[in-house]
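Okay, structure first, notes after.
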Amino acid sequence: MTAQIADAERPTSYYMPGEHPKPENEIHRLRQQVLASWSKEVRVLKEFGLAPDMDVLEIGSGPGFITEQLLAEVPDGSITCLELDEGLLASARDLLSGTDPARLRLINGSVLASGLPDEQFDLAHARLVLQHVPGTLDALTETHRVLRPGGRFVVTDVDDALWGMLHPMPDLPEFDEVVRLRIELQASRGGNRLIGRELPALMRAAGFTDIRVEAIAISSDEVGLDVLAPQLNIRSRTAAMVAVNPAAERPCEVVADAMDEFVKRPDAAMLLLLFMYSGTKPAANAR
């Protein structure tokens, strides 16, 4: 594992290369996350303006799981992936190796300084990314720059005060403590797990208009608890937190044991909440 990166030097609050003890578990979690919610997310994306002939910028495209889905939705358009992590970009390159290069570009770079030309895209999409970006307003302003007049920016993200629910909920004071510790760790690295409540105002400040918001509920009663269970892999998801804060080890271990027992229950049910935001770059003659 690589040495921990000083918080002030981090370009993202997400895992840096070498920080996750079992990266294969994280890749699996990301895959399951897409399987759980994409059918609802794409419906909202279309309501927000996604069309088959659009040139789309995918911000923080990761291992390419969402890219794969977006390519199917824009058969007459293109996808440009902007990803900071070279390892995740390599995974996406392998996954999407059969794609027509005229329809797909994979770029190693940051949304804070993309280097992309002005007014190149019809729609930009950032899924569970902005919560990790130090300087969210700068990221929104950069996205505004690369959109064509009339283009739309769609953000999917979270607010940990409204993360979802478990039923039957274990009597577990440590659960709220682990959520609090995770919020604090991400904030110390420049991220924001409460970004959901701030996004509409930030989008307006960056110049976007026609702000729209939708909630996405992902229920184990619809997709199956086995699909959502990786989100409850507390040991894997809190390893970085324990590494920098030994005091977090006990509450994380208590919650991890409780979640192991929870997913075994025949009556266990889980619901997660995502929020989708859309804004338009103003234009006299919008697309």
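Worth a mention:
- For the stretch 219-236, the set of residues classified as among the hydroxyl-bearing types (Ser, Thr, Tyr) and at pLDDT below 95 consists of 236 only.
- When 205, 283, 258 are checked against the criterion of being farther than 30 Å from residue 150 by Cβ, in contact (Cβ under 8 Å) with a residue 40 or more places away in the chain and surrounded by fewer than 20 Cβ atoms within 10 Å (Cβ to Cβ), 258 stands alone in meeting it.
- Subset of the stretch 169-195 [among the basic types (Lys, Arg) and either in a loop (DSSP other than H, G, I, E, B) or buried (at least 18 other Cβ atoms within 10 Å of the Cβ) (or both)]: 182, 189, 193
- Scanning the stretch 133-159 for residues that are crowded, with 24+ Cβ neighbours inside 10 Å and of a type in the set (Ser, Thr, Tyr), we see that the one that is farthest from residue 113 (Cα to Cα) is 136.
- Residue in the stretch 211-233 that is buried (at least 19 other Cβ atoms within 10 Å of the Cβ) and more than 21 Å from residue 33 (Cα to Cα) present: no
- Subset of the stretch 11-26 (residues that are more than 19 Å from residue 61 (Cβ to Cβ) and part of a loop (DSSP other than H, G, I, E, B)): 18, 19, 21, 22
- Among the residues of the stretch 140-156, the one identified as under 25 Å from residue 186 (Cβ atoms) and free of Cβ contacts under 8 Å to residues at least 40 places away in the same chain is 142.
- Filtered residues of the stretch 196-218 (kept if part of a helix (DSSP H, G or I) and either at pLDDT below 95 or in contact with a Ser or Thr (Cβ under 7 Å, 6 or more places away or on another chain) (or both)): 202
- Filtered by the rule that a residue be hydrophobic (A, V, I, L, M, F, W, C) and under 12 Å from the mean Cα position of the chain (by Cα), the stretch 36-66 gives 59, 65, 66.
- The single residue among 249, 253 that is without any contact (Cβ under 8 Å) to a residue 60 or more places away in the chain, assigned to a helix (DSSP H, G or I) and closer than 14 Å to residue 232 by Cα turns out to be 253.
- Matching residues in the stretch 153-168 - criterion: being over 24 Å from residue 65 (Cα atoms) and part of a strand (DSSP E or B): 165, 166, 167
- Flag if residue 30 is in a helix (DSSP H, G or I) and over 15 Å from the mean Cα position of the chain (by Cα): no
- Residues that are of a type in the set (Ser, Thr, Tyr) and free of Cβ contacts under 8 Å to residues at least 40 places away in the same chain were ranked within the stretch 38-82; the one that is surrounded by the most Cβ atoms within 10 Å (Cβ to Cβ) is 67.
The values are calculated or read from the model by the stated rules, or taken from the named source; none is laboratory data. Computed from a predicted model, the values in this text were never measured in an experiment. Please note: Cβ atoms are built from the backbone with ideal geometry, for glycine as well, and neighbour counts cover all protein chains shown.
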